[in-house]
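The values are calculated or read from the model by the stated rules, or taken from the named source; none is laboratory data. Predicted, not measured: the structure shown is a model, and the values here were computed from it. All Cβ positions, glycine included, derive from the backbone under ideal geometry; neighbour counts span all protein chains shown. Only protein heavy atoms, including side chains, enter the accessible area calculation; ligands, DNA and RNA are left aside. Shrake-Rupley method; radii C 1.70, N 1.55, O 1.52, S 1.80 Å.
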Amino acid sequence: MMQFSGKSVYKGIVLGPAAVLGKEEGPVRRSKIEDAQAEIGRVGAAGEQAKEQLQALYDKAVKEVGEASAAIFEVHQMMLEDDDYLDSIHNMIRTEMVNAEYAVAVTGDNFSEMFAAMDDDYMKARAADVKDISNRLIRILEGRGEADLTSMEPAVIVADDLSPSETVQMDKEKILAFVTVHGSTNSHTAILARMMNIPALIGVPLELDKIRTGMIAVVDGFEGTVTFEPDEALLKSAREKMEEEQEKLRLLDDLKGKENVTPGGRKINLYANIGSVSDVGYVLENDAGGIGLFRSEFLYLGRDSFPTEEEQFQAYRQVAQTMAGKKVIIRTLDIGADKQVDYFSLGQEENPAMGYRAIRICLKQPDIFKTQLRALFRATMYGNISIMYPMITSVEEVEKIFKIVKEVREELDAAEIPYHDPEQGIMIETPAAVMISDELAELVDFFSIGTNDLTQYTLAVDRQNEKLDDFYDPHHKAILRMIRMVVDNAHKHGKWAGICGELGADLELTEEFVRMGLDELSVAPSMILKIRKKVREMPLL
């Protein structure tokens with residue numbers, strides 16, 4: 001039995017097999033071989049296994065995101081059969097008598113550099129593809145493999161850390177819990193765990209090479225511990241705790257269909273935060289009144305090229321149709337900071353959280369912005385869509401946004417493409433936006449306060465830096481005063497204001513938020529019924 005402690009980012013307890021997601025190893029070692037034909041045979045066998053993995057990924061992607069987005073896995077399968085690519089690997093093995101892993105690694109690097117140097121954009125995009133298939137082959141040849149969540153049973157995900165682009169590709173139905181060596185309480189992994197109502201631990205001092213996929217693990221978010229290969233006493237205790245938690249959830253289910261109204265008649269809207277079309281199921285399951293934050297940037301993650309207007313339109317339309325008239329607030333692209341995408345070519349920045357990100361990219365690269373806006377406006381015909389713009393710091397930015405919006409409307413009108421006139425709001429997540437919120441309220445339809453970034457910018461604390469977790473204080477008086485100021489300025493101009501940051505789910509502040517007059521809280525779906533219970537049991541307000 002091995003037990004480790006970490007920081008819990010979502011309470012709960014779960015029991016299940018571990019799935020260890022190892023980070024990429026260092027440089028592939030070169031070694032001399034005796035039998036070239038045997039090494040070539042290993043490459044062939046690895047290729048067949050890789051094709052099976054890619055076919056499984058394609059089948060899964062077709063169901064979840066459609067054929068257009070799934071096509072990349074077909075491309076990868078075809079590249080595994082490319083004669084030039086395979087001939088180069090085989091030739092290197094024969095002439096230099098080197099191991100298959102090394103030949104694949106060198107060939108992958110060579111082909112990737114060749115594609116990257118081409119002028120044609122399509123061929124440039126193949127550079128990332130050939131690296132991906134080469135890395136897949138190397139993992140198989142080295143026997144490392146990868147925890148394939150498309151075919152395995154539900155599992156506890158164990159990793160060094162997880163990026164947003166990694167988590168977005170996971171089959172959420174097969175994740176029981178997260179356990180990571182590194183990470184922040186404000187990372188996307190933590191946010192995803194809270195959305196899914198599953199326990200998660202970060203900062204766990206694991207040696208990943210000592211944890212095997214398939215080991216039984218008990219993750220206790222209440223105690224902040226993870227135990228591998230637990231003894232019978234711990235297994236019995238875990239099962240009893242899990243049953244207690246299930247009973248609490250059954251009691252919360254009784255609140256479905258009830259209003260979010262205090263005993264004194266004060267009402268507040270409870271909406272949900274999501275990151276993909278597939279997350280809508282969590283929204284409906286937890287009886288949210290709408291979607292207060294659809295993080296559209298996750299349509300851009302986990303792929304090697306920009307999503308087309310049609311791909312985005314299909315995603316937005318599906319969400320709007322599924323929500324059947326309930327409000328769906330879609331935040332425009334918020335790439336940058338902790339959400340890096342290679343094909344955006346953003347480059348390295350000293351301080352990405354305060355750098356080239358979100359609305360700044362959209363205003364500097366209006367073609368990207370216009371593609372998304374066209375998809376959003378087209379989708380307004382299929383439901384109650386509102387559009388929200390992130391990282392606003394000035395009136396001038398809002399005016400530039402609306403100028404681009406006007407151009408998009410004119411393009412749609414010229415093409416005789418119908419659309420409705422959606423609500424357009426902004427996120428208040430910078431101190432600058434707070435201080436001029438009285439002016440901004442004259443321009444937009446609503447405010448949604450992004451407390452995660454507002455806290456980091458106000459307190460000068462990088463929320464992704466796990467060393468600073470003790471200094472990241474969203475209860476700071478300055479933050480609460482800023483929220484009150486934003487609400488007051490919105491109401492003064494007849495506009496509504498809500499919170500879509502993690503602070504909205506803080507049950508210690510729910511009563512204070514209602515007293516402030518907040519009109520809406522948008523939280524992880526798993527928190528909807530808990531907050532509804534809190535609201536309905538408040539003292540008379």
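Skipping prolines and chain starts, which residues have an amide H placed within reach, meaning under 5 Å, of the one on GLY290, given they are 5 or more residues away or on another chain?
Hits under the 5 Å cutoff: ALA272.
Step by step: find N for the stretch 332-446, compute 2.2 N^0.38 Å, then divide the Cα radius of gyration by it. What's the final number?
The value comes to 1.11.
How compact and how long is the chain, expressed as Rg and Dmax of its alpha-carbon atoms in Å?
Just the Cα atoms of the chain yield Rg and Dmax of 24.9, 83 Å.
Ratio of Rg to Rh for the stretch 404-524, alpha carbon only, Kirkwood?
1.07
Under 1.5 on a/c is rounded, so check that first for the stretch 242-305, then, if it is not, pick prolate when a/b is larger than b/c and oblate when it is not; a ≥ b ≥ c are the square roots of the alpha carbon gyration tensor eigenvalues.
On the way: a/c = 3.74, a/b = 1.60, b/c = 2.34.
It is oblate, given that a/c is not under 1.5 and a/b is not larger than b/c.
Kindly write out, for the stretch 408-425 in residue order, the coupling ³J(HN,Hα) from the Karplus curve 6.51 cos²θ - 1.76 cosθ + 1.60 (θ = phi - 60°), rounded to whole Hz, with x marking Gly and Pro.
For the stretch 408-425, the Karplus curve yields 5, 4, 5, 5, 5, 4, 5, 8, 6, 9, x, 7, 9, 9, x, 4, 10, x Hz.
From Cα pairs below 8 angstrom and at least 6 apart in sequence, can you work out the relative contact order of the chain, rounded to a whole percent?
Worked out over the chain, it gives 16 percent.
In Å, what is the Rg of the alpha-carbon atoms in the stretch 192-270, and how long is Dmax?
Over the stretch 192-270's Cα set, Rg and Dmax evaluate to 18.0, 57 Å.
Compute the whole-percent fraction of alpha carbon pairs in the stretch 1-57 spaced more than 12 Å apart.
Taking all Cα-Cα pairs of the stretch 1-57, the fraction more than 12 Å apart is 84 percent.
Could you name the lysines whose alpha carbon sits less than 21 Å from that of LYS467, not counting residues in the same chain fewer than 8 places away?
LYS7, LYS339
Rounded if a/c is under 1.5, else prolate if a/b beats b/c, else oblate: with a ≥ b ≥ c from the C-alpha gyration tensor eigenvalues square-rooted, which is the stretch 221-380? Provide the component values of the computation, followed by the final result.
Details: a/c = 2.40, a/b = 1.44, b/c = 1.67.
In terms of gyration-tensor shape, oblate.
Could you give me the ³J(HN,Hα) list for the stretch 258-274, computed from phi with Karplus coefficients 6.51, -1.76, 1.60 and θ = phi - 60°, whole Hz, x at Gly and Pro?
So the J values, rounded to whole Hz, are 8, 8, 8, 10, 6, x, x, x, 7, 10, 9, 7, 10, 10, 10, 9, 9.
Could you please report the charge total around ALA524, scoring K, R as +1 and D, E as -1 over all other residues with beta-carbon less than 14 angstrom from its beta-carbon?
Surrounding charge for ALA524 is +1.
Roughly what angle does helix 100-116 make with the longest principal axis of the chain, taking Cα atoms, 0 to 90 degrees, to the nearest 10?
The helix 100-116 is inclined about 60 degrees to the chain.
When the accessible area of the chain is computed with all protein chains present and a 1.4 Å probe, what percentage of it is carbon and sulfur?
Roughly 49 percent of what the probe reaches on the chain is carbon or sulfur.
Can you list the trypsin sites (Lys or Arg not before Pro) in the stretch 248-312 that are in a DSSP coil and have 16 or fewer other beta carbons within 10 angstrom?
When the trypsin sites (Lys or Arg not before Pro) of the stretch 248-312 are filtered for loop state and at most 16 Cβ neighbours within 10 Å, LYS256, LYS258, ARG266 remain.
Counting only heavy atoms of protein chains, what accessible area per residue, in Å², does the chain have with a probe of 1.4 Å?
With all protein chains present, the chain gives 44 Å² per residue.
With θ set to phi - 60° and the Karplus curve 6.51 cos²θ - 1.76 cosθ + 1.60, what are the ³J(HN,Hα) couplings of the stretch 216-221 in order, to the nearest whole Hz, using x for Gly and Pro?
6, 10, 10, 9, 10, x
In the structure displayed, which of LYS327/LYS364; LYS495/LYS533; LYS241/LYS530; LYS172/LYS530; LYS326/LYS495; LYS492/LYS533 lie more than 25 Å apart, Cα to Cα?
LYS327/LYS364; LYS495/LYS533; LYS492/LYS533
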